[in-house]
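Here it is, the structure in full.
The values are calculated or read from the model by the stated rules, or taken from the named source; none is laboratory data. Source: prediction; values computed, not measured. Cβ placement follows ideal geometry from the backbone for every residue including glycine, while neighbour counts extend to all protein chains displayed. These area figures cover heavy atoms from the full protein model, side chains too; ligands, DNA and RNA do not enter into them. Shrake-Rupley method; radii C 1.70, N 1.55, O 1.52, S 1.80 Å.
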Amino acid sequence: MKIWVPMDSAARAVGADEVATAIAREAASRGIDVQIARNGTRGMIWLEPLVEVETDEGRVGFGPVAPEDAGALLDGTLDSLGLVEDLDWMRRQTRLTFARCGVTEPLDLDGYAARGGLAGLRRAAAMTPDAIVQQVTDSGLRGRGGAGFPTGIKWKTVMQARAAQKYIVCNADEGDSGTFADRMLMEGDPFTLIEGMIIAGIGVGATRGYVYLRSEYPDAIRVMNAAVQIARERGLLGPSVLDTGHQFDMEIRKGAGAYVCGEETSLLNSLEGKRGVVRAKPPLPALSGFLGQPTVVNNVISLASVPVIFERGADLYAGLGHNRSRGTVTLQIAGNARRGGLFEAGFGLSLGEVVNDIAGGTASGRPVKAVQVGGPLGAYMRPDQFDTPMGYEEFDEQGGLIGHAGLVLFDDTADMMQMARFAMEFCAVESCGKCTPCRIGAVRGVETIDRIAAGDARAVALLTDLCDTMRDGSLCALGGFTPYPVMSALRGFPDDFATRKEAAE
Amino acid sequence: MTFSSPAPSDEEIRTLVAPLTGLEGPLLPMLHAVQDAYGCIPDAALQVLADLLNLGRAEVHGVVSFYHDFRKVPAGRHILRICRAEACQSMGGAALADATLDRLGIGWHDTTANGAVTVEPVYCLGMCACAPAAMLDDRVVARLDDARMNRLLDEAGA
Ligand SMILES: Cc1cc2nc3c(=O)[nH]c(=O)nc-3n(C[C@H](O)[C@H](O)[C@H](O)COP(=O)(O)O)c2cc1C
Ligand code: SF4
Ligand code: FES
């Protein structure tokens with residue numbers, strides 16, 4: 001009997017290891033021969049630990065499972081969720097980038113290849129660099145790390161640059177609240193990222209790669225390191241990738257707890273061993289990146305989406321999506337959500353569909369008050385904006401951003417003035433210090449919001465002014481975008497800023 | 001993770017980081033190696049790393065002080081990182097953090113009187129779909145409430 005118990009760190013954080021131990025113990029005491037396999041997560045985090053029992057019909061799910069349930073699970077008396085593939089959450093998705101996550105054992109390279117892995121790389125390895133870059137361009141893939149810059153254009157710049165050494169740097173800093181897709185992918189299907197980086201390397205002529213992975217993710221670091229080692233032993237990485245004559249090798253590097261190191265130039269400084277201070281652009285990293293050499297800096301999901309584009313074709317990928325947002329978006333539903341987790345679908349669902357229908361509203365059962373989309377630099381969206389389609393331009397028109405596609409739900413108990421204050425505080429804590437509007441402005445922002453809270457009505461104009469200065473005068477999006485959460489809270493939820501003022505008067 | 005050994009000698013530090021000198025951009029990996037071994041970046045390490053990498057001591061200090069992870073003195077026997085970011089806040093994370101600090105009678109970045117636990121803020125552990133979350137040393141725990149947090153603190157000897 002084969003039983004799957006996820007080893008994703010979110011599953012482990014809610015007891016998956018204890019469940020696996022209990023199943024093994026109960027099986028031994030019953031004399032049942034059980035093989036426990038550790039997969040990634042299917043992304044249904046509200047059901048974690050989600051245990052699956054393999055049957056002739058398919059994998060039957062149980063969850064959330066507690067260690068005490070192990071006996072009943074083995075006796076066949078535990079209530080099941082039915083076949084996991086048939087669950088509404090799974091059926092409604094278009095899983096491309098996350099096709100294998102939660103299905104296979106993360107470090108099983110043969111299992112990876114048996115489920116479509118390496119097919120994209122084999123195709124790409126036979127193509128010219130021009131054709132590889134063209135394929136990525138044709139797919140319409142835009143950077144999933146936040147800015148949504150076309151990946152094909154970035155690769156083309158690096159491909160055309162002349163240098164003895166070029167690099168592929170994967171941005172796995174994932175510091176945004178509400179985002180965990182990078183972590184899930186790296187823990188659940190690490191070879192997809194490795195394959196994507198190799199294809200990028202062949203495409204632009206880079207033979208070395210780095211994954212800059214935040215220190216807050218020890219499990220992801222462990223899995224990625226193990227995967228790189230296996231890839232090297234099996235000839236996927238090294239002097240001749242899969243015997244194709246292409247050279248590519250890579251390393252995992254651990255960050256040191258600085259949010260700003262997710263910004264690509266700060267990341268490169270950090271990778272070089274410097275303070276993670278943001279660099280002025282130009283020069284672009286594509287021309288002068290790591291150690292001054294041409295460098296592709298891409299997010300985990302951007303790179304991990306590449307293999308399937310080569311396996312299934314650019315047309316299939318570009319055929320999904322909405323307006324200029326092509327392909328799939330890996331929605332991360334978080335915070336006060338009834339069904340929190342990762343949902344991959346073509347761009348274009350409305351925000352309201354995601355919040356009410358897919359997430360099922362709040363976990364507390366209270367009305368949704370606001371949804372912060374795009375991390376700590378994203379706007380707080382109100383329920384009357386819920387018909388906004390998930391798309392880069394569509395969110396921009398609403399004064400928001402999609403960012404890394406994390407959605408954090410808040411119920412009606414949330415105090416939006418406190419959230420605005422937190423945004424300023426976060427910016428002050430994490431500022432790299434290079435420019436004044438961000439370094440000083442954020443500190444003043446906290447003070448100004450405190451003045452509003454204390455009943456000083458004139459401070460509202462001051463806050464607005466300060467936000468304008470930060471937006472216009474900051475070198476990078478940390479200082480430049482902090483006004484999004486602050487101003488969206490102020491404009492969208494004026495009552496939260498007014499009640500105390502009025503109470504004080 | 002107890003770090004009560006005497007201050008390391010320059011030679012010990014050099015031996016520890018020597019295998020990393022061939023890396024491209026070796027300073028962060030070296031600092032991590034030093035902190036993993038000694039629980040902090042001892043003063044002596046600044047000069048050793050500066051000499052090895054042909055940098056000024058002040059430069060190395062500048063790097064160490066930039067990052068939240070690196071400490072000048074060892075933490076308590078355990079480090080508890082409590083997430084303060086938005087998704088955790090939406091699920092009562094701030095109240096949970098306050099209650100935890102109250103129970104321990106310390107503030108952020110402080111260590112309990114018995115040296116068992118240092119509490120640090122962290123901004124997101126990637127557990128945003130099962131918030132609120134914290135991390136005890138390398139172990140992440142989520143869907144926390146006061147009871148689970150208290151069990152965790154007991155376990156850590158706080
Ligand atoms: C303050 C700040 C933090 C960022 N954090 C991340 C991050 O954690 N992960 C990421 O991929 N991109 C992050 N970005 C965006 C990167 O600078 C960059 O646009 C991205 O890595 C490019 O990759 P992509 O084109 O594949 O998205 C951040 C940007 C800023 C300004
Ligand atoms: S906006 Fe802030 S984080 Fe960005 S460069 Fe300026 S000081 Fe650094
Ligand atoms: S916000 Fe706390 S784990 Fe992400």
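Keeping to region A:177-220, report how many residues are more than 9 Å from chain B (Cβ to nearest Cβ) and within 24 Å of A:Ala124 (Cα to Cα).
24
Identify, by number, the condition in (1) of a type outside the set (Gly, Ala, Ser); (2) within 14 Å of ligand 3 (Cβ to nearest atom); (3) part of a strand (DSSP E or B); (4) surrounded by 19 or more Cβ atoms within 10 Å (Cβ to Cβ) that B:Arg143 doesn't meet.
Answer for B:Arg143: the failing condition is (3).
Among the helices (runs of 4 or more DSSP H) lying completely within region A:371-464, list those that include at least 3 residues that are farther than 30 Å from A:Ser302 by Cβ and either more than 16 Å from ligand 2 (Cβ to nearest atom) or open to solvent by 10 Å² or more (accessible area, probe 1.4 Å) (or both).
A:416-430, A:436-453
All but one of (1) free of Cβ contacts under 8 Å to residues at least 12 places away in the same chain; (2) more than 9 Å from chain A (Cβ to nearest Cβ); (3) within 16 Å of ligand 3 (Cβ to nearest atom) hold for B:Asp138, so report the exception by its number.
Against the list (1) free of Cβ contacts under 8 Å to residues at least 12 places away in the same chain; (2) more than 9 Å from chain A (Cβ to nearest Cβ); (3) within 16 Å of ligand 3 (Cβ to nearest atom), B:Asp138 comes up short only on (2).
Let me ask something else. From A:Val211, A:Val228, which residue is more than 16 Å from ligand 3 (Cβ to nearest atom), surrounded by fewer than 24 Cβ atoms within 10 Å (Cβ to Cβ) and closer than 27 Å to B:Met135 by Cα?
Just a single option satisfies the conditions, and that option is A:Val228.
Kindly evaluate A:Arg471 against the criterion of being assigned to a helix (DSSP H, G or I), at pLDDT 95 or above, within 16 Å of ligand 1 (Cβ to nearest atom) and assigned by TED's automatic domain parsing to the domain that holds A:Ala423.
Judged against the criteria, A:Arg471 is a match.
Can you work out which of the residues in region A:148-161 that are touching a residue at least 60 places away in the same chain (Cβ under 8 Å) and open to solvent by 10 Å² or more (accessible area, probe 1.4 Å) is nearest to ligand 3 (Cβ to nearest atom)?
A:Lys154
How about region B:50-123: which helices (runs of 4 or more DSSP H) wholly inside it have at least 1 residues that are open to solvent by less than 40 Å² (accessible area, probe 1.4 Å) and assigned by TED's automatic domain parsing to the domain that holds B:Arg14?
Helices (runs of 4 or more DSSP H) meeting the threshold: B:57-66.
Please work out if A:Val278 is within 14 Å of chain B (Cβ to nearest Cβ) and in contact with a helix residue (DSSP H, G or I) (Cβ under 7 Å, 6 or more places away or on another chain).
Yes; evaluated as a whole, the condition is true for this residue.
Are there helices (runs of 4 or more DSSP H) fully within region A:72-132 with at least 3 residues that are open to solvent by 60 Å² or more (accessible area, probe 1.4 Å) and over 26 Å from A:Ser9 (Cβ atoms)? List them.
Counting at least 3 such residues, we get no helices (runs of 4 or more DSSP H) at all.
Sticking with this one: Quick test for you: out of B:Ala75, B:Ala85, pick the one residue that is at pLDDT 95 or above and within 16 Å of ligand 1 (Cβ to nearest atom).
Result: B:Ala85 is the single residue among B:Ala75, B:Ala85 that is at pLDDT 95 or above and within 16 Å of ligand 1 (Cβ to nearest atom).
In the set A:Val260, A:Val278, which member is outside any loop (DSSP other than H, G, I, E, B), within 22 Å of the chain's Cα centre (by Cα) and not hydroxyl-bearing (Ser, Thr, Tyr)?
A:Val260
Please specify each residue of region A:136-147 satisfying the condition of being more than 8 Å from ligand 1 (Cβ to nearest atom) and either in a loop (DSSP other than H, G, I, E, B) or open to solvent by 30 Å² or more (accessible area, probe 1.4 Å) (or both).
A:Thr137, A:Asp138, A:Gly140, A:Leu141, listed by residue number.
Identify the single condition in (1) touching a helix residue (DSSP H, G or I) at 6+ places or on another chain (Cβ under 8 Å); (2) away from ligand 2 (no atom under 16 Å from the Cβ) that A:Ser364 does not satisfy, given that it satisfies every other one.
Among (1) touching a helix residue (DSSP H, G or I) at 6+ places or on another chain (Cβ under 8 Å); (2) away from ligand 2 (no atom under 16 Å from the Cβ), A:Ser364 violates only (1).
In region A:22-57, what count of residues is obtained for those that are open to solvent by less than 20 Å² (accessible area, probe 1.4 Å) and more than 14 Å from chain B (Cβ to nearest Cβ)?
Matching residues across region A:22-57 total 8.
Hey, could you check region A:231-257 for residues that are within 15 Å of B:Gly25 (Cβ to Cβ) and either assigned to a helix (DSSP H, G or I) or open to solvent by less than 10 Å² (accessible area, probe 1.4 Å) (or both) and say which is nearest to the other protein chains (Cβ to nearest Cβ)?
This residue is A:Ala256.
How many residues, within region A:281-315, are more than 14 Å from chain B (Cβ to nearest Cβ), more than 19 Å from A:Met127 (Cα to Cα) and over 19 Å from the mean Cα position of the chain (by Cα)?
9
Cβ-Cβ distance below 7 Å, separation of 6 or more or different chains: which pairs start in region B:107-128 with a residue that is at pLDDT 95 or above and end on one that is within 16 Å of ligand 2 (Cβ to nearest atom)?
B:Tyr123/A:Gly175; B:Tyr123/A:Tyr259; B:Tyr123/A:Phe426; B:Cys124/A:Gly175; B:Cys124/A:Asp176
Can you tell which of B:Leu16, B:Leu23 is in a loop (DSSP other than H, G, I, E, B) and outside the structural domain of B:Ala147 (by TED's automatic domain parsing)?
Result of the check over B:Leu16, B:Leu23: B:Leu23.
Considering only residues that are within 20 Å of the chain's Cα centre (by Cα) and part of a loop (DSSP other than H, G, I, E, B), which ones fall in region A:347-370?
A:Phe347, A:Gly348, A:Leu349, A:Ala359
Exactly one condition in (1) β-branched (Val, Ile, Thr); (2) more than 14 Å from chain B (Cβ to nearest Cβ); (3) within 18 Å of the chain's Cα centre (by Cα) is not met by A:Val408; state its number.
Checking A:Val408 against (1) β-branched (Val, Ile, Thr); (2) more than 14 Å from chain B (Cβ to nearest Cβ); (3) within 18 Å of the chain's Cα centre (by Cα), the one that fails is (2).
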